[in-house]
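Engineer: One structure is given below, represented as C-alpha cells, and several questions about it will come after.
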Amino acid sequence: MRFPVRLRSNAGMGRALWLRMGTLWVLALALAPAATSAAAPTDVRAVRLWESPEYTRTVFDLGGVVEYKLFTLQNPDRVVLDLQGAKLATGYSAPKPHGRVLGLRSGQPTVDSLRVVIDVTPGTRPKSFLLPPVGKKNHRLVIDLYPRVATGAAQPARSVPAVASGPLRDVVIAIDAGHGGEDPGAIGAKGTREKNVTLAVARALAVAIDAEPGMRALLVRDGDYFIPHKQRYQKARDARADLFVSIHADAFTRRAASGSSVYILSQRGASSEAARWLAASENQSDLVGGVSLDDKDNTLAAVLLDLSQGATLGASDAVAASVLRSLARVGKVHSRNVQRANFVVLRSPDVPSILVETAFISNPAEERRLNDPGHQRVLAKAMLDGIRDYFHGSPPPDSWIAAHPQRPREHIVARGESLSLIAMRHRISLGELRRVNNLSTDMVRAGTVLRIPSES
C-alpha cells in the first residue's frame, strides 16, 4: 500500500516534510515460524546489482525467511530497507555503485533489526518482492529501481511506431535471448550458463539477419540483465516486429537427450491470454493486429482478437516448421514436429512467435558445441534460412521483400488461411492462383506450398 505520511524534522528545521512512503511488510512463506524474534538472526550474505536499460536490480541473498519494510526518502533520494530479525553475515561487503545505485550503507539500530540505506539517483521508484529457494539459490529479496514517472502530466497516447520510413520497409525480426542477469537458466556439467549461450546465438542471428536484404534485427536483450517475460514480447509489439524468436538451450535429467526443438504457443495458452487481454483495462488501448480495441464493444473486441490470434498462431506454425526443417539440415532435432506449449513469452496476440531450443546444455557433447562460436553461427544461419524461406514465401505486402521476390515465388499456407485471402495478399486474381497451382477447389491444407505468379 502507498499512503502519505507527514514527518517533522528534528533539528529545528521548522517545516513539514511530505513524502510518499510505500510501507510493505512481507512475511516470506506463509508457514514460516511465528516466533521470528526468538529465532537466530537471518544472515544477509551478499548484495548484487544488475543493470538493464529499464531498471537497476538489487538482489539480497538471505540465509532464511525475513520480514521487511521498504520506504523512500528525499533530499537526497534514498530507499530505506528495514529487515526484522536479520544481520550482516561475516565477510559481507557492500557492492560498488552501479546504475541507479549511488551507494549502499547499513546499520544495526536494534539487536534484532538491520537497516540498509540505498542512495539512488533522483526520481527513483522501487518495486520489491521475495523469491523462495530454487536450485542452489537460497531466499532472495529483490528490489528493482525504476525511474519515476511524472504524475499529473499528460501522458502520450499509446501507439505503435512505424518500423521504417518510405513506401517499402524491412521485415523486422525481434530476437529474444532467454534468461539473463539473476536468472542463469540451465547450467551444463562444465558450468556453461544458458543465459550466456542464448545471448551469443542471438547476437550471431542478429548479425546474419542485418546482412540479409530487406530484413532487420531487433535484440530484445543485448546484455547480461533480466527482462520479465511479458516485457519481452511487448518490446516486439512496440517495434511492430513481423516475428518474435526466443532462443533457449534445453536441459533434461537424462544426459543423452539431444537435438533442437521449435515451439509455438498452445491453443490453450492463446485462449487464456485472450481472456486476460479483454479483461485488463490497461491493455484496451493497445493495438491488436493493427486495430485498436478501446472503442469496440466486448463482443466485437473478442471477435477481432480471436481473428488476430488465429492468424498469428497460423503464421507461427508455418515459420516454426520452416525453421525446424532448416535446423534438421545442420544437425539432430529432438522432435521432427513443431511442439506446442503455454510459454508466457510466446503470448503476443499479434506477432507470430516461436521458441527455439538450440540444443541440450545438459548433454556434454552439445554443451561443448554450444560454447563454440563457429557452431553458434551455424545455428544462427540455420534459423535465418528458415526465417528467410518463410518470409520470401509469405512476405508482408508493404515490405522490400514483397517488391523484390525470389524466383520462383512461393507461399506456405498457414492455418486459417483461405485461397482467396492468399490471392488478395499477393495482389493476384483467385483464378490465376488456381490455374498456376492446378487447383480444382479453393480448399488448401496448412503447410501446402503454393506457386505465386507474377502480379496481373
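Bear in mind these aren't lab numbers, they're just calculated from the coordinates by the rules spelled out. Please read these numbers as outputs of a predicted model, since none were measured by experiment. Don't worry about glycine lacking a Cβ; one is built from the backbone with ideal geometry, like all the others, and counts go over all protein chains shown.
Engineer: For His98 and Thr121, compute 0.36 nm times the residue count separating them, minus their Cα-Cα distance, and round to one decimal in nm.
Structural biologist: 7.2 nm
Engineer: What does the charge dipole of region 407-451 about its Cα centre add up to, to the nearest 20 debye, if the Cβ of each Lys and Arg holds +1 and the Cβ of each Asp and Glu holds -1?
Structural biologist: 140
Engineer: Kirkwood hydrodynamic radius of region 66-138 from all distinct Cα pairs, in Å?
Structural biologist: Final number for the Kirkwood radius of region 66-138 is 13.6 Å.
Engineer: Sticking with this structure for a sec: Mind checking which aspartates and glutamates have their Cα closer than 18 Å to the Cα of Lys136? Skip sequence neighbours fewer than 8 apart in that chain.
Structural biologist: Asp43, Asp61, Glu182, Asp183, Glu194
Engineer: Starting from region 39-95, pick out the trypsin sites (Lys or Arg not before Pro) whose DSSP state is loop and whose Cβ has at most 12 other Cβ atoms within 10 Å.
Structural biologist: Numbers: sites: Arg45, Arg48, Arg57, Lys69, Arg78, Lys87; in loops: none.
For trypsin sites (Lys or Arg not before Pro) across region 39-95 that sit outside H, G, I, E and B with at most 12 neighbouring Cβ atoms in 10 Å, the list is empty.
Engineer: Same structure again: Which whole-number percentage describes the relative contact order of region 407-451, with Cα contacts under 8 Å and a sequence gap of 6 or more? List each step's numbers first, then the result.
Structural biologist: Details: 47 pairs, mean separation 26.7, N = 45.
Relative contact order of region 407-451: 59 percent.
Engineer: A follow-up question, please. Please compute the net charge surrounding Ala249, taking Lys and Arg as +1 and Asp and Glu as -1 over other residues with Cβ under 11 Å from its Cβ.
Structural biologist: Working: positive: Arg193, Lys195, Arg369; negative: Glu194, Asp250, Glu357, Glu366, Glu367.
After counting each charged neighbour, the total is -2.
Engineer: Which aspartates and glutamates, on any chain, are close to Lys190 with Cα under 13 Å apart, when same-chain ones fewer than 8 places away are left out?
Structural biologist: Here the aspartates and glutamates satisfying the reach criterion relative to Lys190 are Glu366, Glu367.
Engineer: Give, as a single signed number, the net charge of other residues whose beta carbon lies under 13 Å from the beta carbon of Glu417, with Lys and Arg counted +1 and Asp and Glu -1.
Structural biologist: Its environment carries a net charge of +1.
Engineer: Fewest Cβ neighbours within 10 Å first, please rank Phe71, Phe129 accordingly.
Structural biologist: With the sparsest Cβ surroundings first, the list reads Phe129, Phe71.
Engineer: How many percent of all Cα-Cα pairs in region 407-451 sit more than 15 Å apart?
Structural biologist: 33
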